[in-house]
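Where a number appears in this text, it was derived from the coordinates with a stated rule and is not lab data. Worth saying up front: this structure is predicted, and the values here are computed from it rather than measured. Please note: Cβ atoms are built from the backbone with ideal geometry, for glycine as well, and neighbour counts cover all protein chains shown.
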Amino acid sequence: MKTAFGLLAIGLLAAGCAGMAPSGPSAVADLAPTQGNNAAGTVTFTQKGDKVVVVARVSGLAPGSHGFHIHEKGDCSSGDGMSAGGHFNPLGKPHAHPTTADRHAGDMPMLVADAAGSASLTVELDVITVGSGAADVIGRGVIVHKDPDDFKTQPTGNSGARVACGVIRKS
């Protein structure tokens, strides 16, 4: 009987430890509002095998959907966020929904803000990396847009003005 309980305890401990496997490299972007806007928050990127877990927490948004992308330059120096350049697209793909295989590396699901203007998103993406390769996000920008992304209009998804910008840095 003791052996059975001992084996059960070891099995539960091993299962618990498997869920705590070390994470790969990580990065973070602190989002600040562009001129005349109030959106701010944090986006983290953690390598998990061949995928990257993206966790975003943003406040100060208008209720509803907002385009959300990684942009090519880690530069938020302009008041309108345009210094971050276009969507991060190292493989020369078209703009598309993040579930589409042929897409910009910077295409992410939309943020959806509640009535209080807060949005949360957790997603695993397979085109980007943290810390290595052509699709490395470190040193890039993150932009939250004013409008929803239609995931069709090239090359931006018709997402409108940039309401928040952050530079992705190693964490």
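Taken one residue at a time, the phi angles of the range 137-150 give Karplus couplings (6.51, -1.76, 1.60, θ = phi - 60°) of 7, 4, x, 8, x, 10, 10, 10, 9, 5, 10, x, 8, 7 Hz. Gly and Pro are set to x. Placing +1 on the Cβ of every Lys and Arg and -1 on the Cβ of every Asp and Glu, with no other charges, gives the range 23-170 a dipole of roughly 200 debye about its Cα centre.
Annotation: amide H-H contacts under 5 Å for ALA164 (H modelled 1.01 Å from N, sequence separation of 5 or more, or interchain): THR34, VAL144. Per-residue 3J(HN,Hα) values for the range 120-127, derived from phi via the Karplus relation 6.51 cos²θ - 1.76 cosθ + 1.60 with θ = phi - 60°, read 10, 8, 10, 8, 9, 10, 10, 9 Hz in sequence order (x marks Gly and Pro).
Since only PRO148, VAL112, ASN158 are under comparison, the one whose Cα sits farthest along the positive direction of the charge dipole of the chain, derived from C-beta charges on Lys, Arg, Asp and Glu, is VAL112. The slack between SER120 and THR99, meaning 0.36 nm per residue of separation minus the straight C-alpha distance, is 5.7 nm. Within the set (1) 50, 41, 32; (2) 63, 52, 36; (3) 68, 37, 28, the number that Cα extents along the principal axes in Å takes when calculated for this structure is listed as (3). The alpha carbon centroids of the range 25-92 and the range 124-171 are separated by 5 Å.
For the chain, the longest principal axis of the C-alpha atoms and the axis of helix 2-18 are separated by about 20°.
Rounded to the nearest whole Hz, the Karplus-based 3J(HN,Hα) values (6.51 cos²θ - 1.76 cosθ + 1.60, θ = phi - 60°) of the range 28-41 follow the sequence 9, 10, 8, 7, 10, x, 7, 3, x, 10, 10, 5, 7, x, with x at glycine and proline.
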